[in-house]
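The values are calculated or read from the model by the stated rules, or taken from the named source; none is laboratory data. Because the structure is a prediction, the values reported are computed rather than measured. Cβ placement follows ideal geometry from the backbone for every residue including glycine, while neighbour counts extend to all protein chains displayed.
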Amino acid sequence: MSTLEQYRNAVKDYAVRGVNYLFHNEGDEHALIIFTNIFLNAKSTIRIAANKLCNKEVVNKQEYIDSLKVFLDKKDARLFILLTNRPTAEDIEDQSCLYRMIYNHPAYKEGRIQIKDGQGKSFHDKNGAVVHFCIGDETMYRIENDIVERKAIANFGDGKTAGVLNRGFDKVFASINSEVNLNEYYDA
């Protein structure tokens, strides 16, 4: 069994069981493994803080899109996305774009998905570096502390850190009035 396959199996096991274990991960493949496991195991709420949430290496991969769709298919699932920068029409014109799935999903029409534009503002760590993160419910998270190399830490059973991230995200999200309306992209 390859090292990547071992990593995939360990992440899946820890995610299903909600184990408080800190994973270090780096690169596109590891990011995809962590994200899909957060999406597949979250029960009610996912919060994502990212730049544009458009890239072919991770976000627009079918595995990422399909696992997020599985989450959104849950009756009361809610997704909150806070972007540093609003995507351009060119960013989301690809047929395999995550935003196309979101726009076409019933959860979007039902108002269970909210996307806001931070207009260039982003989250930073204690050293001032930009961080992106994803939080699943009250215990799962992936914090990308090197957005170029996609180096991150992740955990599936750490309510303390997830709680801090949730409170910070919710405070900033509530303060931003610039909603991203996907109708502007796809109904134009």
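Just a few scattered comments:
- Some residue of the stretch 20-42 being under 26 Å from Asn181 (Cβ atoms), surrounded by fewer than 18 Cβ atoms within 10 Å (Cβ to Cβ) and either among the hydrophobic types (A, V, I, L, M, F, W, C) or touching a residue at least 24 places away in the same chain (Cβ under 8 Å) (or both): no
- Within the stretch 165-179, residues that are crowded, with 16+ Cβ neighbours inside 10 Å reach no partner that is in a helix (DSSP H, G or I) and not aromatic (Phe, Trp, Tyr) with beta carbons closer than 6 Å at six or more positions or on different chains.
- Wholly enclosed strands (runs of 3 or more DSSP E) of the stretch 1-83 bearing at least 3 residues modelled with pLDDT of 95 or more: 45-50, 78-83
- Within the stretch 123-171, strands (runs of 3 or more DSSP E) holding 2 or more residues that are within 14 Å of Ile81 (Cα to Cα): 130-136
- Condition check for Ile143: free of Cβ contacts under 8 Å to residues at least 24 places away in the same chain and of a type in the set (A, V, I, L, M, F, W, C): yes
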